[in-house]
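Take a look at the structure set out below.
The values are calculated or read from the model by the stated rules, or taken from the named source; none is laboratory data. Keep in mind that what you see is a predicted model, and the values were worked out from it rather than measured. Note that each Cβ is placed from the backbone with ideal geometry, even for glycine, and that neighbours are counted across all protein chains shown. Only protein heavy atoms, including side chains, enter the accessible area calculation; ligands, DNA and RNA are left aside. Shrake-Rupley method; radii C 1.70, N 1.55, O 1.52, S 1.80 Å.
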Amino acid sequence: MGRVIFLAILLVMANLLAGCDGKPAASAAPPPPPVTVARPMQKTVTEWNEFTGRFVAVASVEVRARVSGFIDSIHFKDGQVVKQGDLLFVIDPRPYKLAVEQSTADVERAKAKLDLATLDVERAEPLVRNQTLTGREYDTRRSTQRDAAAQVTAAEATLNQAKLNLEWTEVRAPTAGRVSDKRVDAGNLISGGQVGATLLTVIVSIDPIRFVFDGSENDFLHYQRLSQAGGRPSSRDAPNPVSVKLADESDYKHQGRMDFVDNVVNPKTGTIRARAIFENKDGLLTPGFFGRLRLYGGEHDALLVPDSAIASDQSRKIVFTVADDGTVGTKLVELGPVENGLRVILSGLAATDRVVIDGLQRARPGQKVTAEEGKIAPAAEGKIAPAAP
């Protein structure tokens, strides 16, 4: 009996040792992670190029007096809107009224001399015919008459200048717009004239208003090529439509038109200056405002993918693609604007590529994935639509 028990124990130990020497069954490998893929949407899109610039007034005028004197009165409030011809400042007119009266008297004096010289000539004419008066004496009287006539003309010119100076004592708005603050107060002596005249205030026009921006040489060439191909006339020849959004706006609400493109490209900056014009009935657009301008750049066929399908590799943009055997690859792409909620791909992607549009975090270059077919749709129809079963 003892021998049987001993043999049983040996058999159990042998089984245990055999179990220690055996290898465990290999565990099954996990399946490739699932991702959703779709081919890029192909669509004809309208290209809009964006430029940064600022609004400037069509007219900006520094108001200066044409005559010197003491400021008598001021007839506007700082910052108000004025019309062309509105009275702004009055310079003490009394010295200029006296100058007008003096010049008027000089004109009358000169006319009196002319009348006397004319009578002398008329009296001399019959005397010359009967040789009572010499020809030399007659010529002298004619010369005196012409000199008197010239003095009348000079006196009248002086009078007109004196009247003009008197008129200029009323400083009026040279253009319509919004006036700045007054730079001098009543009672101050100011200088007038063409040189060294005192600055009184500044007026900037309001409606319409211009938007000035710079475009790159490549942008300029693009539009030149587009014009030559008949895709869109040059902004030098046609008022092409533009739109602008302000710093606090998300949409391009303000509609305008191009009205100027410069004639040279700046060799230092490689840019060319351009200008658009906008109506500004409500006065919202103010000179100096920053804005983003959008300009039509033609139509072309494009590939579109969701923004969520685009990854960043430092400064580069890439998309993940899946080959037929399920291997993940990457493609370096150049991005364009957003169209209907989708990003335009300018280059780097083919229409036949299967782009990862969902499960981007599970895609690793060179690894296998399980690709589930999906569909890219515009934002109005949903960003990503799964394929029909």
In a helix (DSSP H, G or I), open to solvent by 50 Å² or more (accessible area, probe 1.4 Å) and hydrophobic (A, V, I, L, M, F, W, C), is that true of A149? no
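Here's the yes/no breakdown for (1) assigned to a strand (DSSP E or B); (2) among the basic types (K, R); (3) farther than 30 Å from S347 by Cα:
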| position | (1), (2), (3) |
| --- | --- |
| T269 | no, no, no |
| I272 | yes, no, no |
| G283 | no, no, yes |
| T286 | no, no, yes |
| L293 | yes, no, no |
| Y296 | yes, no, no |
| H300 | yes, no, no |
| L304 | yes, no, no |
| A311 | yes, no, no |
Suppose the filter is surrounded by fewer than 20 Cβ atoms within 10 Å (Cβ to Cβ), within 34 Å of the chain's Cα centre (by Cα) and of a type in the set (D, E, K, R); does E334 pass it? yes
Those residues that are of a type in the set (A, V, I, L, M, F, W, C) and out of contact with any Phe, Trp or Tyr (no Cβ under 9 Å at 6 or more places or on another chain), I need them from segment 191-218; list them, please. V195, A197, L199, V202, I203, V204, I206
Take G291 and decide whether it is on the phi > 0 side of the Ramachandran plot and touching a residue at least 24 places away in the same chain (Cβ under 8 Å). no
Taking Y252, is it open to solvent by less than 80 Å² (accessible area, probe 1.4 Å), without any contact (Cβ under 8 Å) to a residue 60 or more places away in the chain and within 28 Å of N340 (Cβ to Cβ)? yes
Those strands (runs of 3 or more DSSP E) completely within segment 29-133 that have 1 or more residues that are among the basic types (K, R) and modelled with pLDDT under 95 are 41-57
Within segment 98-121, is even one residue within 22 Å of A186 (Cβ to Cβ) and in contact with a Gly (Cβ under 6 Å, 6 or more places away or on another chain)? no
Let me spell it out: the conditions are (1) open to solvent by less than 40 Å² (accessible area, probe 1.4 Å); (2) over 30 Å from A197 (Cβ atoms); (3) not aromatic (F, W, Y), and A155 meets all of them except one. Which number is the exception? (2)
Just to be sure I understand, how many residues within segment 106-122 are open to solvent by 90 Å² or more (accessible area, probe 1.4 Å) and either under 60 Å from the mean Cα position of the chain (by Cα) or not hydrophobic (A, V, I, L, M, F, W, C) (or both)? 5
Kindly evaluate T158 against the criterion of being among the polar types (S, T, N, Q) and assigned to a loop (DSSP other than H, G, I, E, B). no
Counting only residues that are among the polar types (S, T, N, Q) and not in a loop (DSSP other than H, G, I, E, B), which one in segment 179-232 is least open to solvent (accessible area, probe 1.4 Å)? T201
Can you tell me which residue in segment 334-356 is nearest to P32 (Cα to Cα), limited to those that are outside any loop (DSSP other than H, G, I, E, B) and modelled with pLDDT of 90 or more? V356
Identify all residues within segment 340-373 that are hydroxyl-bearing (S, T, Y) and within 21 Å of L304 (Cα to Cα); write none if there are none. S347, T352
Subset of segment 162-178 (residues that are in a helix (DSSP H, G or I) and closer than 30 Å to V204 by Cα): K163, L164, N165, L166, E167
